[in-house]
Amino acid sequence: MKKVWSILVTLAFLAFSIGASAVMAADGPVKLGFVYIMSGPFATYGQFAKQGAELAIEEINKAGGINGKKIEAFFEDSAGKPDVGIRVIRKLVYENGVDAVIGLDSSGVASAVAPIMKELKTPLIITHAATPDVTGKNCNRYTFRISLNENQNMKMAAAIAADMKAKTWTTIGPDYSFGHQSWEYFEKYLKEKKPEMGFLPVSEVAFAPMKTTDFSAYITKVMNSKADGVLVSLWGGNLIDFVRQASDMGFFDGKREVLLTLGAATEVLYALKDKMPEGIWVGTRYWFAGNDSPENKSFVDAYKAKYDTYPSYNAHGAYAAIKAFAAAASKAKSSDKEKVVDALTGLSITLPVGKVTIRPEDHQAITDGIWGKTAADPAYPIRVLKPVKNFTGAEITPPVAETGCKME
Amino acid sequence: MEGFLINVLNGLSWGMLLFLISMGLTTVFGVMGVLNFAHGSLFMLGAYISMQLTRWISSFWLGLIFAPIIVAILAIIIERFLLRPVYGRDVSFQLLLTFGVMLFLDDGVRLIWGPAHHLVNPPDVLSGVFPVFDQTYPVYRLFLIAMGPAIGIILWAFFSYSRYGKIIRAAAMDREMAEIIGVRAPILFTAVFAFGAWLAGLGGALAAPHQSVGPAIGEHIIIESFIVVVIGGMGSFPGAFVGALILGLLGSFGATMAPNFQMALPYILLAIVLLTRPRGIFGEES
């Protein structure tokens, strides 16, 4: 009898302690901080990213969370300004105690923030900003990128440009590092493919300040130049204003080849609708109709059901980063920052965009890319891509030696 | 040559939009002595309201007429209940107050319409393009170029010849004396503030088909319009006109000919004017 009692007490104690440890594990949630542009002319990107993030968090929390812990999200507005970006990331880490930071739209913000992550010892997963520097000469242990970078996108642009009729190229881009670097890399990669190709000198191309709302002067400048090919690296509200004003001024009259490097952002396509000209080559980081994988189908269907729009590449970026973080944390069986960083390094994961591998040497995602030609389709409220041109991650990603990254 | 002509058109169409906004800013400053930081937000509000009206009643013209009026009514409320209590105080109170109103309106717009960009189509009669050499130019931009001087001339005539225009000028010159001879300054101030807001709203409604209606629509133009007002001379109509023309043309030719300095050009001009004629080109030197 006494033995039975002692067994019962032991069992009760065991049950209690298991329960207690389960409670302890579920105690603190996994905290994720998000930094996107939530105000100003690029604020739709932040809105889509937030929606993508919320969808991923909902899915993961419904399935039991990460290692049994629920995700708690903190959203901050970078306003697209480097100083604000640094401030809100410090706040997320020191005040909210986040386990990782996800986001960043602007290359200017990303370049300023990446070095800070070393000091904060917190993983950062960049989902949109494309400057090669953060996985290149400024790479560090804590900074990762899950989306395509500028080199990868410009490799694709150059591959498409090589098959076009244009002989001399110029550009219209935003007047900050992104616009200038896009042009540099485009010239570099296209020259590799076709050394005879001509490029206008930097003094004759057009870079418009980000606050520009009237692009007529830049459009006139490009139309009156001798170039017959134009690389447009404007994005967000700038791209919307540009496309509209350029259409009115006869820019898309077929006399010149045009590449819109970020033209397939659904944020832009939804704003322009049928004002987006047809038959123009546009780039993106992700296209919702880009593949038929079950991962993509479930993402697009869930997103469409929840928000009644098709997901943009920025929505996908935020969604993908959370899925990657969750995969890393469950591989590490912990959301400890150092362990997650180790697990993210070299992580391979199947995302809606396809199979993505984070290259251990520079933390850049090797991911497939897509460009397409704009086309009208009555089944969609926006312009769609038809035909599309797919590129494998391997063919568009420059080798590590070229990136200038020295991981310490 | 063709580049030159198109650059002139580009500069004029932007300049005339700038002129409308600067006129409101300069009138409010000239008469009331209030530097209205919220002017750009009123411009933005004009654009959003005209966009909304155009969607509801699908008429650009009704939007163009009613949006500025709605903005003016809002301005009456702002003047009557917020601005009036701080007239007697230090000028920094007014600056802080209008700055607060600006933040409030900007976030209000974001709350109501969200961060997305909206397009407004010009009315059919203005939506075409016409050929210039071997390219096309939108008719709507010509309409903008015509609207600036038209509204400018109407207002100039109003201020020069009508009784109310003269009263406003009198009050601007010497408020106390005007009150002594029977001008009801408080109502006059409300009217002038509403009029400035109406011009901002009109500018916004006119800008809507020309650029997309989004959260930062007023950011760039309001900075330039402050420069216009300082260059032209605070409170001066012809000053606003000339200043807006200069800045418009500087923008279009600067982008083509001096791409590395284009962002600095308006500020360089501002510095030169402030050093040589501190009260602006048309400002009266005391």
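The packing ranking of peptides A:259-266, A:76-83, highest mean first, is A:259-266, A:76-83, where packing means the average number of other beta carbon atoms within 10 angstrom of each residue. Chain A gives an Rg/Rh value of 1.05, both radii derived from C-alpha positions and Rh following Kirkwood. By definition, a body whose alpha carbon gyration tensor gives a ≥ b ≥ c is oblate when a/c is 1.5 or more and a/b is not larger than b/c, and region A:134-214 fits this oblate description. Of the peptides B:170-181, B:234-245, the ranking by mean beta-carbon count within 10 Å, highest at the top, reads B:234-245, B:170-181. Is the C-alpha gyration tensor of region B:128-259 telling us rounded, prolate or oblate? Criteria: a/c under 1.5 is rounded; beyond that, a/b larger than b/c is prolate, otherwise oblate. Prolate, because a/c is 1.5 or more and a/b exceeds b/c. Ranking of A:C139, A:C405 by neighbouring Cβ atoms within 10 Å, starting from the fewest: A:C405, A:C139. For region A:356-372 and region B:231-285, what is the centre-to-centre distance using only Cα atoms, to the nearest Å? So the two Cα centres are separated by 48 Å.
What the Cα convex hull of region B:1-52 gives, in volume per residue, is 90 Å³. For the pair B:I69/A:A401, report the inter-label distance in nm, with labels modelled 7 Å from Cα in the Cβ direction. That separation, rounded to one decimal, is 7.3 nm. Taking a ≥ b ≥ c as the square roots of the eigenvalues of the Cα gyration tensor of region B:208-276, is the shape rounded (a/c under 1.5), prolate (a/b larger than b/c) or oblate? Cα axes put region B:208-276 in the oblate bin. By how many degrees, 0 to 90 and rounded to 10, does the Cα axis of helix A:236-248 deviate from the longest principal axis of chain A? Between the helix axis and the principal axis of chain A, the angle is about 20 degrees. Taken one residue at a time, the phi angles of region B:171-184 give Karplus couplings (6.51, -1.76, 1.60, θ = phi - 60°) of 5, 5, 6, 8, 5, 4, 4, 4, 5, 4, 8, x, 7, 8 Hz. Gly and Pro are set to x. Can you give me the Cα centroid spacing of region A:184-218 and region B:42-64 in angstrom? What the calculation gives is 36 Å, centre to centre.
Simple spin-label estimate for B:A185 and B:M263 gives 4.4 nm between the two label positions (7 Å along the Cα-to-Cβ direction from each Cα). Helical content of the protein assembly as shown, expressed as a calculated mean residue ellipticity at 222 nm, amounts to -18000 deg cm²/dmol (DSSP H runs of 4 or more residues, -39,500 (n - 2.57) each, divided by residue number, nearest 500). Panel order for B:M23, A:M197, by other beta carbons found within 10 Å of each beta carbon, from fewest to most: A:M197, B:M23.
Remark: mean inter-chain Cβ contacts per residue of B:105-117 equal 4, using a 10 Å Cβ-Cβ cutoff to other protein chain atoms. Note on B:E284 and B:I223: with the Förster distance fixed at 25 Å, the Cβ-Cβ geometry gives a FRET efficiency of about 0.50. As a proxy for reagent exposure, ranking A:F391, B:F43 by other Cβ atoms within 10 Å from fewest up yields A:F391, B:F43. Whole Å is fine, so just give me how far the alpha carbon centre of region B:102-130 lies from that of region A:240-293. Each part's Cα centre sits 20 Å from the other's.
Inter-chain Cβ neighbour count for A:202-215, averaged per residue, equals 5 (cutoff 10 Å, partner chain atoms only).
Per-residue 3J(HN,Hα) values for region A:394-408, derived from phi via the Karplus relation 6.51 cos²θ - 1.76 cosθ + 1.60 with θ = phi - 60°, read 5, 6, 9, 9, x, x, 4, 4, 7, 6, x, 7, 10, 6, 8 Hz in sequence order (x marks Gly and Pro). Here the ratio of the Cα radius of gyration of the protein assembly as shown to 2.2 N^0.38 Å is 1.07. Peptide B:210-223 has a mean of 6 when you count, residue by residue, the C-beta atoms of other protein chains within 10 Å of its C-beta. Overall shape of region B:2-276 was characterised from the C-alpha gyration tensor. The equivalent ellipsoid obtained from it has semi-axes of 30, 22, 18 Å, in decreasing order. Note on A:E184 and B:A157: with the Förster distance fixed at 35 Å, the Cβ-Cβ geometry gives a FRET efficiency of about 0.05. Label zone of B:R55 (point 7 Å out along Cα→Cβ, amide N under 15 Å): in region A:270-302 this covers A:270-273. Each eigenvalue of the Cα gyration tensor of region A:222-347, multiplied by 5 and square-rooted, gives one semi-axis; in descending order these are 37, 18, 12 Å. Taking the longest Cα principal axis of chain B as reference, the axis of helix B:2-32 is set at about 10 degrees.
Taken together, the values in this text are just the output of simple stated rules run on the coordinates, not laboratory data. Model, not experiment: these values are computed from the prediction. As a convention, Cβ positions derive from the backbone with ideal geometry for all residues, glycine included, and neighbour counts pool all protein chains shown.
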